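Structure first, then comments.
Readers should treat all values here as calculations from the given coordinates under stated rules, not as data from a laboratory. These figures come from a predicted structure and were not determined experimentally. Cβ sites come from the backbone with ideal geometry, for glycine too, and all protein chains shown count toward neighbours.
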Amino acid sequence: MSTTRKRTILSAAQKCEICEIKEREPNLSNVSLAQRYNIGKSTVTDILSEKERWLAISG
């Protein structure tokens, strides 16, 4: 039986931070990022697929 996770809403700054962390540490797994932010690994993948968008927001 799997456990359900409470829905977590990330701010644009947090999404940008995920992209920056992944750029600094490319060997870091999406699973470890997901655990750090208490989100699903597919959510991390979705955020990283739009990396240019999130990094452009940060300036």
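Looking at this structure, is A56 within 8 Å of the chain's Cα centre (by Cα), without any contact (Cβ under 8 Å) to a residue 24 or more places away in the chain and part of a helix (DSSP H, G or I)? Answer is no for this residue.
Looking at this structure, is S42 in contact with a helix residue (DSSP H, G or I) (Cβ under 9 Å, 6 or more places away or on another chain) and surrounded by fewer than 12 Cβ atoms within 10 Å (Cβ to Cβ)?
Details: in contact with a helix residue (DSSP H, G or I) (Cβ under 9 Å, 6 or more places away or on another chain): yes; surrounded by fewer than 12 Cβ atoms within 10 Å (Cβ to Cβ): yes.
Yes.
For beta carbons closer than 6 Å, sequence separation of 6+ or different chains, a first residue in region 7-27 that is on the phi > 0 side of the Ramachandran plot and a second that is assigned to a helix (DSSP H, G or I), there are no qualifying pairs.
Can you tell me which residue within region 24-36, out of those that are of a type in the set (D, E, K, R) and outside any loop (DSSP other than H, G, I, E, B), is surrounded by the most Cβ atoms within 10 Å (Cβ to Cβ)? Only one residue tops the list, namely R36. Here the condition is being in a loop (DSSP other than H, G, I, E, B) and either of a type outside the set (S, T, N, Q) or touching a Phe, Trp or Tyr at 6+ places or on another chain (Cβ under 9 Å) (or both); of I21, I39, it holds for I39 alone.
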